[in-house]
1. So, in region 247-274, how many residues would count as being over 18 Å from Val210 (Cβ atoms), among the small types (Gly, Ala, Ser) and open to solvent by 10 Å² or more (accessible area, probe 1.4 Å)?
2. So which of Val238, Val218 ends up being open to solvent by less than 20 Å² (accessible area, probe 1.4 Å), β-branched (Val, Ile, Thr), touching a strand residue (DSSP E or B) at 6+ places or on another chain (Cβ under 9 Å) and modelled with pLDDT of 95 or more?
3. Look at Ile161 and say whether it is touching a Leu at 6+ places or on another chain (Cβ under 8 Å) and either open to solvent by 40 Å² or more (accessible area, probe 1.4 Å) or under 21 Å from Leu212 (Cβ atoms) (or both).
4. Hey, can you tell me all the residues within region 88-109 that are free of Cβ contacts under 8 Å to residues at least 40 places away in the same chain and either surrounded by fewer than 19 Cβ atoms within 10 Å (Cβ to Cβ) or in contact with a His (Cβ under 9 Å, 6 or more places away or on another chain) (or both)?
5. With respect to the numbered conditions (1) open to solvent by 50 Å² or more (accessible area, probe 1.4 Å); (2) in a helix (DSSP H, G or I), which one is the sole condition not fulfilled by Asn70?
6. I'd like to check something: does region 176-196 contain any residue that is open to solvent by less than 20 Å² (accessible area, probe 1.4 Å), under 19 Å from the mean Cα position of the chain (by Cα) and touching a residue at least 60 places away in the same chain (Cβ under 8 Å)?
7. Give me the pairs, please: first residue somewhere in region 46-74 and closer than 12 Å to Leu33 by Cα and among the polar types (S, T, N, Q), second residue anywhere and part of a helix (DSSP H, G or I) and open to solvent by 60 Å² or more (accessible area, probe 1.4 Å), beta-carbon distance under 7 Å, and either six or more positions apart or on two chains.
8. From Leu83, Leu76, Leu93, grab the single residue that is at negative phi and not in a helix (DSSP H, G or I).
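The values are calculated or read from the model by the stated rules, or taken from the named source; none is laboratory data. Nothing here was measured: the structure is a model prediction, and the numbers come from that model. Here the Cβ positions follow ideal geometry from the backbone for every residue, glycine too, while neighbour counts run over all protein chains shown. Ligands, DNA and RNA are stripped out before the accessible areas are found, and what is left, the full protein with its side chains, is counted by its heavy atoms. Shrake-Rupley method; radii C 1.70, N 1.55, O 1.52, S 1.80 Å.
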Amino acid sequence: MILMDGKKLASQIELDIMKEVQELSLRGITPSLAVILIGDDPASQTYVNMKSKACKRVGISSILHEIPSNISQDDLLTIINSLNNNETLDGILVQLPLPKHINTHEILESINPNKDVDGFHTHNSGRLHSGIEGFVPATPLGIMSLLSHYNIDVKGKDVCIVGASDIVGKPLSALMLNAGATISVCHILTKNLSFYTKNADIICVGVGKVNLIQKDMVKDGAIIVDIGINRLENGKIVGDVDFENVSQICSYITPVPGGVGPMTISSLLKNTIRSAKNRANKK
């Protein structure tokens, strides 16, 4: 069994990004990312803090907009519009989830697609599903980068994706399909999950359920990508896979933490740099 070390790879990617930041600075461009955090959700604050620290490490300017949870949708749209019109900004990220009175779809649609470094706008989603270059959501992009780093070619592989979210499952299925994989996307209404996982060469799971994927649901030599993040009562962070037992029969597996998580952040940085390069080329 080989452990796919996302933390180590993400560190290598950050070194490359630092060089790109230096090159852009010579062209008068400082890559910049605006992050909108609404409310005081602890998990969201943690994620935003990690992204801000990563930006600081590589030299990307990170501007945090902390907004009270009772902000109206119109006021939030006004803020996003001002960021869209700020020519020195390369990326706009709205930390999810949003308060219930805010229409998430409308907010994500209001972001300039050229600054949509999260890849959630339907413009970028449509380009992804059509196999056209655009911004790709960071977690699926990080997963594909991690598999590539370990020389895992998904072409012709049977891939089971457990979880059909707009943020991870759906875009990941598009990336896999574009790369030549045969995909099965399972979700809460799937009748017999183990039927799909047992026949998969690669299993990608991210639904937030501890030990969802058990040893008897995995064939020998399968590749496991655990996207889940769950905090146990004792404070320990685990994924959606029974790591201790599944790791005994799989060929590759990602740890939690230290697997997909760091790759998500490095992919966000890569998207921001890409946007900054686009700005430099237009300049």
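1. 1
2. Residue meeting the stated conditions: Val218.
3. Details: touching a Leu at 6+ places or on another chain (Cβ under 8 Å): yes; either open to solvent by 40 Å² or more (accessible area, probe 1.4 Å) or under 21 Å from Leu212 (Cβ atoms) (or both): yes.
When the stated conditions are applied, Ile161 passes them.
4. Of all residues in region 88-109, those free of Cβ contacts under 8 Å to residues at least 40 places away in the same chain come to 100-101, 103-109.
Of everything in region 88-109, those that are free of Cβ contacts under 8 Å to residues at least 40 places away in the same chain and either surrounded by fewer than 19 Cβ atoms within 10 Å (Cβ to Cβ) or in contact with a His (Cβ under 9 Å, 6 or more places away or on another chain) (or both) turn out to be Lys100, His101, Asn103, Thr104, His105, Glu106, Leu108, Glu109.
5. Answer for Asn70: the failing condition is (2).
6. Checked against the condition, which is being open to solvent by less than 20 Å² (accessible area, probe 1.4 Å), under 19 Å from the mean Cα position of the chain (by Cα) and touching a residue at least 60 places away in the same chain (Cβ under 8 Å), region 176-196 yields no hits at all.
7. Between residues of region 46-74 that are closer than 12 Å to Leu33 by Cα and among the polar types (S, T, N, Q) and residues that are part of a helix (DSSP H, G or I) and open to solvent by 60 Å² or more (accessible area, probe 1.4 Å), the close pairs are Ser62/Lys56.
8. Details: Leu83 fails: not in a helix (DSSP H, G or I); Leu76 fails: not in a helix (DSSP H, G or I).
On inspection, the qualifying residue turns out to be Leu93.
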